[in-house]
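What follows is a single structure, written as structure tokens, with notes after it.
The values are calculated or read from the model by the stated rules, or taken from the named source; none is laboratory data. Not measured: the values here are computed from a predicted model. All Cβ positions, glycine included, derive from the backbone under ideal geometry; neighbour counts span all protein chains shown.
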Amino acid sequence: RAGLSRNGHTIVAVFLGFILFFGFLNNLIVLILFCKFKTLRNPVNMLLLNISISDMLVCISGTTLSFASNIHGKWIGGEHGCRWYGFVNSCFGIVSLISLAVLSYERYSTLTLCNKRSADYRKALLAVGGSWIYSLVWTVPPLIGWSSYGIEGAGTSCSVRWSSESAESTSYIICLFIFCLVIPVMVMMYCYGRLLYAVKQVGKIHKNTARKREYHVLFMVITTVICYLVCWIPYGVIALLATFGKPGVVTPVASIIPSILAKSSTVCNPIIYILMNKQVRYVILKL
């Protein structure tokens, strides 16, 4: 199968360089703000910080290798580097998605309770730890024999071997899609569907300042979820086509565009936090 041309790799390297620089910088700013200002340390922001940390780690450990490989026009990490790249990108991506699913439930439970709840940091920490454990449960198996990680697309990045025809590899991919994409997305759709319906029902009723603030956070989180899904769903579709479609149906160009789009989520997420989070904007003005 023909790969990208020299110019094609150069164009991809430019996009990845942009994502690497701004993805790392934006998420580093979020991390510094969180460490510097105690007012930002609430349960919702802890989950958002978890996403920022996973995004920053993707930039450091994944995007850098793909960027360098496109400059050289081929994968430069070797077999072990490929397995590492596939593992960390899958792991950090699932951490972000599970964190968003937990956030959707947190917003749902907060806004559907009549009485004001105190901030529950213990549950937030458990959710953060749980997102990493859950992700490891589904990303370690290819390292020990249930499916595997290998070179994908234009030959400058790695992921799960979507095109493998073995029964065990197919079973892993099916489980991965069900438990790490379908179920989390269904949880988010259910929670936000119910919440938006509730917001519409009480739209004409007077809401106090605290409640308005909760609704503002809700729409910030919904925007983050929509952005994440827009970035990742095309990659998921391409992966499904590579797994269950005809051999060769996914060309290098067709696979590289969704891959770049997925990586761009590391740039978008912190911008959303800064633009839509009043607390973050306030502390930035104090700097």
Condition first: in contact with a Gly (Cβ under 9 Å, 6 or more places away or on another chain), within 17 Å of TYR228 (Cα to Cα) and part of a helix (DSSP H, G or I). Can you find one or more residues in the range 32-54 that meet it? yes
Could we say that PHE22 is assigned to a helix (DSSP H, G or I), closer than 27 Å to VAL102 by Cα and under 17 Å from the mean Cα position of the chain (by Cα) here? yes
Where ASN27 falls short, out of the listed (1) surrounded by 24 or more Cβ atoms within 10 Å (Cβ to Cβ); (2) without any contact (Cβ under 8 Å) to a residue 60 or more places away in the chain: (2)
Does GLU79 meet the test of being more than 24 Å from PRO270 (Cβ to Cβ) and either acidic (Asp, Glu) or modelled with pLDDT of 95 or more (or both)? yes
Under 7 Å between Cβ atoms, at least 6 apart or on separate chains: pull out the pairs that start in the range 90-108 with a residue that is closer than 15 Å to SER54 by Cα and end on any residue that is at pLDDT 90 or above and not in a helix (DSSP H, G or I). SER90/SER159; SER90/VAL160
Every residue from the range 62-87 that is in a helix (DSSP H, G or I) and farther than 17 Å from PHE15 by Cα: GLY78, GLU79, HIS80, GLY81, CYS82, ARG83, TRP84, TYR85, GLY86, PHE87
Would you say ILE133 is under 22 Å from ILE60 (Cα atoms), surrounded by 13 or more Cβ atoms within 10 Å (Cβ to Cβ) and either under 19 Å from the mean Cα position of the chain (by Cα) or at pLDDT below 95 (or both)? no
Where residues in the range 257-269 are in a helix (DSSP H, G or I) and within 12 Å of the chain's Cα centre (by Cα), which of them is modelled with the lowest pLDDT? ASN269
Using the structure shown, decide if PHE18 is of a type outside the set (S, T, N, Q) and modelled with pLDDT of 95 or more. yes
Determine whether the range 142-165 contains at least one residue that is surrounded by fewer than 20 Cβ atoms within 10 Å (Cβ to Cβ), of a type in the set (Phe, Trp, Tyr) and at pLDDT 90 or above. yes
In the range 136-147, anything farther than 12 Å from SER90 by Cα and either part of a strand (DSSP E or B) or of a type outside the set (A, V, I, L, M) (or both) is listed as GLY145, TRP146, SER147
